[in-house]
Amino acid sequence: MKKQPVSAAARRGMSTGAQRLLRSSMMDTGALLGEYGNTCAGYDEETVLARRGQYGRNETSVEKPEPFYKKLSEAFINPFTVVLFILAAILFLTDVAFAAPGKKDPSTVIIIAVMVLISGTLRFVQEARSDSAAAKLRNMVHTSATVSRAATGKTDIPISDIVPGDIVYLAAGDMVPADVRVLSCKDLFIGQSSITGESAPVEKTAAPLAKAESAPLECSNLAFMGSNVVSGSAVCIAVATGGGTSFGAVAKSLAGKRAATSFDKGVDAVSRVLIRFMLCMVPVVFLINGFTDGDWLEAFMFAVSVAVGLTPEMLPMIVTTNLAKGAAAMAKKKTIVKRLDAMQNFGAMDVLCTDKTGTITKDKVVLERYLDVEGNEDERVLRHAFLNSYFQTGLKNLMDVAVINHAKSEPYLSMKEQYTKVDEIPFDFGRRRMSVVVRDSGGKTQLITKGAVEEMLAISSYAEYKGRIVRLTDEVRSEVYETAKRLSGEGLRVLAVAQRTNPPVEGVFSVRDESDMVLIGYLAFLDPPKETAASAIKALRSYGVDVKVLTGDGGAVTKNVCGKVGLSVGRVLLGSEIDRMDDAALTSAVEETSVFAKLTPPQKARIVRVLRQNGHVTGFMGDGINDAPAMRTADVAVSVDTAVDIAKESADIILLEKDLMVLEQGVVEGRRVFGNIIKYIKMTASSNFGNMFSVLAASVFLPFLPMRPIQLLLLNMIYDASCIAIPWDNMDYDYLKTPRKWDASSISSFMAWLGPTSSVFDIVTYIVMFFFICPAAAGGAYGAAGTDRSLFISLFNTGWFVESLWSQTLVIHMIRTPKVPFIESHASPPLLFSTSAAIAAGTMVPFTAFGRIIGMSPLPAEYFPWLAVILLCYMMLATFVKKMYRKKYVELL
Amino acid sequence: MMVIGTNTFTAAGLFAVLAAMLLGLFSTYPAVKAGERGKSFLKWYIFSFFFFPVALAATVRRETGESGNASEK
């Protein structure tokens, strides 16, 4: 049967999703079906296709996967490789393209190309592995919904195939697949916590509203995409799908480029410092060499080699490997790191904002208290509640389940045998209570009723008060109200329990028998914190991470939960108060407040933005649609496996286990990652800075180059190779105790202090080689008659090459810890191995044929005692400078 | 044995640079100590660089005096 298309008037009314939802909430079933041109039998295939063409698929994906070519280009193109590409191009022109025939030498270009290739390939492979893990996680989630279709009747289809106007069937456990208007329902309760943050399920009805509500969320006959059916069943009509839903509106707000995180800013700042340094120093080297030696071509070649040496081309690779290694460590702890740089942001984070429901709480109802009328704990109340919940045969709601789960031990288990059920009066939403009649082994019959406090007071004439059964006077009644109000004020959901012994009618009980009852107490329910929430918050605090709760739920319940997990609640700032604050007021308020309640998604995002503006590296942990904008604003977004898809898409890190202690482990791993990154940057930068001093001194005072360009590049390559193991290095425990952020200025000061330290021993090596070793081997002073000048220079170059390699590699061990290296703190075995191998390889090169090809000479035996003394003195001086540096700047790394 | 030959400029230059660098590094000691006492690190560093013996003597005397006072207390 061909269906009527949606009328033009209806389309005009659909100008915004919210207006359409509000309008549909006031329409009756016939009018709604007419508006969408549907019947309960559902659309035919042709109409479905037409409507899908008009409204698109029911999808709200935020992020599209990056194409392969973009990933590849990002792995290879960064400021450092661009510098190397330019240098390689220049060298290609001078050494190969325009070189005289027979003088073509592509070796330097090849070395640079190999460096870029290794760095880029390693980075690409690491990122591809991480992306693949995240994709596997996403593919684990498949969702479908039940709809009516003309051809197939009631059928399951993928959620993305739903179109506006589809008849959708909901049952307990289903995810609401679109924004829907309820047409008919039975005991329908919807969990909207992912949208509103409110942990208690909301009852939905089918009746059209008499007057328009101010917002769709206020409408009792609408359900929203991303929420879930807690209990009951319903037949609904899809009013909005995909981007037109409330969920889709949030998704749209997340589109576009994400703000630069602390990591992005840090890497940019450091890259700028290092490149600026290189761009300043290289022309100086070129000019000094050119003016002193007069050989401008050689001066140029040497300056280019120095530029290559000063470019930390391995930095992107080291950074990526470090991050990937951290992500792999987290994967073993059942945590998926979707964005690699989130690892470092995790370690730098000093404020973690978290949603309440589902993140620090279990997002389920548990029985928190069972109290007598005066508010004292009373097992009798629980026993009566247990009998009521256990023996009722209707749909067990969340409270019944909570009572039964709570009473799992004796004497409750044996009560099942001690009592027999006589009858029951089922729950209905009009009475908001339910009763069972039970008989014990002695023949005593009891009518036990539990329900909403107001309803229970209406049917009770007595109360068990101060150990006696008294009439329910106004005084007692007001005390009951006060107690219930106090409990509600603590964020608890309160039910009352009443009983009546030997009720007069036996056999057929009805609602009329629920009268003259004796009120015996209350049951108080709560969405409790996860077992590990308190310990995780305590652990995070001990690592310098302040935890703040940002929730859409009410102030009272939030205060209660936060108190339970050990947060100092103090003042609770509500969304309405935040709206009245300008940014200046909010700037100080966010520093003084730990708990924020009744927040809308934009308010959450605003708080996170203000915290970041205050200089905090801010994380956000959430699981709902209402958390997604704040997660997008944060430096690092954390979610849980049970979160809605949009939250998982916005997340950088997804916890697959409920254990929140993994947060602490993530923070520590993030700091270890950062420590190893900054270790490489600082040691490379200081070592390069030291080399610059040495090269400048050599340019001015030596009559030849201290090292050939090809030797300089080889030295650089061996050093880089030894650094590949840095991501596997240990970090001292002291370093992991506080949040670590990028600080480009600390790199400059580190360079200025530690650079000249290594340079001192380069100069000492120059002196030893120029005035002791080379004259002895070459037959006299440089320039003197009878001296083998080429051997003199070759030996000098080799001596500095070997000393430079030893000192550069030793500096890794000197700088990696503020403690005494090898004694108080030692490197990891991989780093020990890689540095030892680099030293061994570099020391042997001069004794090989390859060494001779690149202009080296075997070093005489007397060189090595000198080398040992130089290195020993270097370590002593480095220890002194490290100590002074720490006294001035406190932190070494 | 040290063989300089005609390379006096190289010898003088390298030794001078070495001395200046060592002085630059060791001058951090009086400057850091002064910084700990709330004095200007930079001023003391410059002072130490040019008058290292004086700055070192002043620092050592103060340090010895302070540790002596501390042990008397």
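Any read-out appearing in this document is the output of simple, stated calculations on the displayed coordinates, not a laboratory observation. Here the structure is a predicted model, which is why all the values come from computation and not from measurement. Every residue, glycine as well, gets a Cβ built from its backbone with ideal geometry; the counts of neighbours run over all protein chains shown.
Values as computed for the structure displayed
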read-out	value
Derived scalar couplings ³J(HN,Hα) [the stretch A:822-831; Karplus, 6.51 cos²θ - 1.76 cosθ + 1.60; whole Hz; x for Gly, Pro]	6, 10, 7, 8, 10, 6, 6, x, x, 6
19 Å cut-off, amide nitrogen to a point 7 angstrom out along A:GLU531 Cα→Cβ, residues in the stretch A:364-398	A:364-368
Degrees between helix A:107-139 axis and first principal axis of chain A (Cα, 0 to 90, nearest 10)	10
Peptide ranges A:298-310, A:449-461, A:880-892 listed from the most packed, as the mean C-beta count within 10 angstrom indicates	A:298-310, A:449-461, A:880-892
Between the stretch A:629-675 and the stretch A:867-893, the alpha-carbon center distance in angstrom	38
Derived scalar couplings ³J(HN,Hα) [the stretch A:434-446; Karplus, 6.51 cos²θ - 1.76 cosθ + 1.60; whole Hz; x for Gly, Pro]	8, 10, 10, 10, 10, 10, 8, 5, x, x, 6, 9, 9
Residue order, fewest to most surrounding Cβ atoms within 10 angstrom, among A:CYS280, A:CYS185, A:CYS236	A:CYS280, A:CYS185, A:CYS236
Under 12 Å, Cβ to Cβ, from A:GLU454 - net charge with Lys/Arg +1 and Asp/Glu -1	+4
Debye, to nearest 20: dipole size of chain A, +1 on Lys, Arg Cβ, -1 on Asp, Glu Cβ	560
Estimated FRET transfer efficiency when R0 is 35 angstrom, pair A:ALA215-A:SER184 (beta carbons, to 0.05)	0.90
Degrees, to the nearest 10: A:789-815 long Cα axis against longest axis of chain A	20
Difference of contour (0.36 nm per residue) and Cα-Cα distance, A:SER488 to A:GLU824	115.3 nm
Centroid-to-centroid separation of the stretch A:692-719 and the stretch A:729-799 [C-alpha atoms, Å]	10
Farthest positive-ward along the stretch A:366-526 dipole, Cα basis, beta-carbon charges - from A:SER409, A:VAL373, A:VAL497	A:SER409
DSSP beta bridge pairing in the protein assembly as shown, given as percent antiparallel to the nearest 5	75
Cβ-based charge dipole, the protein assembly as shown, positive-most Cα from A:PHE750, A:SER828, A:PHE286	A:PHE286
Extended-chain gain in nm, criterion 0.36 nm per residue less alpha-carbon gap, A:ASP516 and A:ILE86	145.5 nm
Interchain or long-range residues, amide H under 5 Å from A:ARG149's placed H	A:LYS154, A:THR155
Gain upon complete extension [A:SER748, A:PHE880; 0.36 nm per residue less C-alpha separation]	45.6 nm
Top positive-direction residue, dipole computed over the stretch B:26-72 with Cβ charges, set B:THR59, B:PHE49, B:GLY38	B:PHE49
The stretch A:366-526: C-alpha gyration tensor shape, a/c 1.5 cut-off, then a/b vs b/c	rounded
Helical mean residue ellipticity (222 nm; -39500 (n - 2.57) per DSSP H run of 4+; nearest 500) of the protein assembly as shown	-17000 deg cm²/dmol
Ranked packing of A:28-38, A:704-714, most packed first, by mean Cβ within 10 Å	A:704-714, A:28-38
Averaged over B:20-33, number of beta-carbon atoms from partner chains that fall within 10 Å	5
Local net charge near A:GLU577, Cβ-Cβ under 10 Å (Lys/Arg +1, Asp/Glu -1)	+2
Using θ = phi - 60° and Karplus 6.51 cos²θ - 1.76 cosθ + 1.60, couplings along the stretch A:705-711 (whole Hz; Gly, Pro as x)	6, x, 7, 6, x, 5, 5
Which of A:TRP800, A:TRP753, A:TRP728, A:TRP296 has the fewest Cβ neighbours within 10 Å, and the rest in rising order	A:TRP296, A:TRP728, A:TRP753, A:TRP800
Computed magnitude of the charge dipole of the stretch A:366-526 (debye, nearest 20; Cβ of K, R +1, Cβ of D, E -1)	220
Between helix A:379-391 and chain A: long-axis angle, C-alpha atoms, 0 to 90°, nearest 10	80
Pairwise label distance in nanometres, A:ALA331 with A:TYR69, each label 7 Å out on the Cα-Cβ vector	2.8
For the stretch B:26-72: relative contact order, % (alpha-carbon pairs under 8 angstrom, 6 or more apart)	33
5 angstrom amide H check on A:ALA637, placed H, neighbours 5+ away	A:PHE620, A:ASP652, A:ILE653
Antiparallel content of DSSP bridges confined to the stretch A:366-526, in %, to 5	95
Number of partner chain Cβ atoms within 10 Å, mean per residue of A:760-771	5
Spacing of the two label points (7 Å from each Cα toward its C-beta) at A:ALA171 and A:VAL890, in nm	6.1
Averaged over A:691-699, number of beta-carbon atoms from partner chains that fall within 10 Å	2
Inter-probe distance in nm under a simple model that places probes 7 Å from Cα toward Cβ, at A:ALA458 and A:ASN405	3.0
For peptides A:813-822, A:514-523, sequence by mean Cβ density within 10 Å, most packed first	A:514-523, A:813-822
Pairwise centroid distance, computed over Cα atoms, of the stretch A:402-457 with the stretch A:347-390, Å	20
FRET efficiency, 1/(1 + (r/R0)^6) with R0 56 Å, evaluated for A:ARG580 and A:PHE291 via beta carbons	0.25
